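*Asks:* The structure's right below; bear with me while I get my questions together.
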Amino acid sequence: MDTQALSSANIARRAAQRVLGVFPERHRRGALSFIRMTLNSRLALLGMKAYTRTPLRPASAEHSEDRRLPGRLEQYFDAHTEGYGIWKWRHYFDAYERHFSRFVGKRVRILEIGIYSGGSLAMWRDYFGSDSEIYGVDIEEACRAYADECVGIFIGDQADRKFWRDLQQQLGTVDIVIDDGGHEPHQQMITLEESLRLLRPGGVYVCEDIHGTLNPFMSYINGFADGLNGADKRLDGEELGYKANAIQSAVHSIHHYPYLVVIEMRAGPMRELRAPRHGTQWQPFL
Ligand SMILES: C[S@@+](CC[C@H](N)C(=O)[O-])C[C@H]1O[C@@H](n2cnc3c(N)ncnc32)[C@H](O)[C@@H]1O
């Protein structure tokens, strides 16, 4: 980390100590962990800024993700110059291909929150194929216009838990949820929690348009992701291992992209995490 980052860190730490004094004793622990998380993300940002100033070696650039050819979804988007509107950040297409391609041609059910002008629903149908079922949610009544024999429409507020309960009753479970709705952190939090009830094992959740550093929804996701590192209940026996917590058991992985987060669910529960040693020759120091 450079000296600018270090001196900012020291200033921030001293400020944090002063701020902490303002909180009554009983709230200090919560305040401290909030300040620590905020500080850590600021520090990471400063540290990474310095790191990313280092130019990439040409060998890395050759294998860069940026060099991948446009996939089918991006080709569809580029070719779609008329008709129902689609509005996506271009760099999302790479991530879609990475996480969605295994569902193509299967009997999959896709739910997108945020319909707007209907074009993305048609794009999903084209990509996933004729066995797919596509569903859209929007708060605007006008979006009912995009219902047809391949696309189901539900009108409601993604921040309303009652709406989600009704939706679950009518719809059952789905393989993929894409949150491209109102983009407010409280809407995104509720949508994530409710989507976890709807998702089938092996399903994928995507939240689009998480804008701004220190975004509250991002902090929420980071807290969730922190659960993946839980190591609380050590398993009996010689071998290193822990009992999986609820997040480790259900969540396969969490992926971050600019403005985008993807959560992949496990196909089945993982009950424990183990680190076996294989081999017969070992150094004496561990
Ligand atoms: C960015 S647009 C969706 C774009 C579309 N998915 C696409 O790719 O072209 C956002 C949509 O979310 C809808 N929306 C906003 N707030 C909402 C809420 N609370 N619940 C459900 N939909 C909401 C808006 O009406 C709008 O149609």
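Quick note: the coordinates plus some simple rules give every number you see, no bench work behind them. Not measured: the values here are computed from a predicted model. Virtual Cβ from ideal backbone geometry, glycine too; neighbours counted across all protein chains shown.
*Asks:* Given labels modelled 7 Å from the Cα in the Cβ direction, how far is it in nm from R42 to R68?
*Replies:* The two pseudo-label positions are separated by 3.5 nm.
*Asks:* Report the dimensions of the stretch 111-160 along its three principal axes from the alpha-carbon atoms, largest first, rounded to Å.
*Replies:* 31, 19, 15
*Asks:* Given a Förster distance of 41 angstrom, what is the FRET efficiency for Y242 paired with D160, based on the Cβ-Cβ distance and rounded to 0.05?
*Replies:* According to the calculation, E is roughly 0.60.
*Asks:* Please work out the Cα center distance from the stretch 102-140 to the stretch 220-272, rounded to the nearest Å.
*Replies:* Centre-to-centre distance over Cα atoms comes out at 28 Å.
*Asks:* Moving on to the next point. Using alpha-carbon pairs under 8 Å, 6+ residues apart, how would you state the relative contact order of the stretch 67-274 in percent? Present the calculation step by step, with values, prior to reporting the outcome.
*Replies:* Values: 344 pairs, mean separation 30.8, N = 208.
In percent, rounded to a whole number, it is 15.
*Asks:* Sticking with this one: Out of residues 5 or more away from R109 or on other chains, whose amide H comes under 5 Å of its own, with H placed 1.01 Å from N in the peptide plane?
*Replies:* For R109, the qualifying residues are E133, D175, I176.
*Asks:* Could I ask something else about it? Please state, as a whole number in µm²/s, the translational diffusion coefficient that the Stokes-Einstein equation yields for the stretch 67-274 at 37 °C and 0.692 mPa s, with Rh defined as the Kirkwood radius across alpha carbon pairs.
*Replies:* My calculation gives 182 µm²/s for D.
*Asks:* What does the charge count around E194 come to, taking other residues whose C-beta lies under 13 Å from its C-beta (Lys +1, Arg +1, Asp -1, Glu -1)?
*Replies:* Neighbour charge sum, excluding E194 itself: -1.
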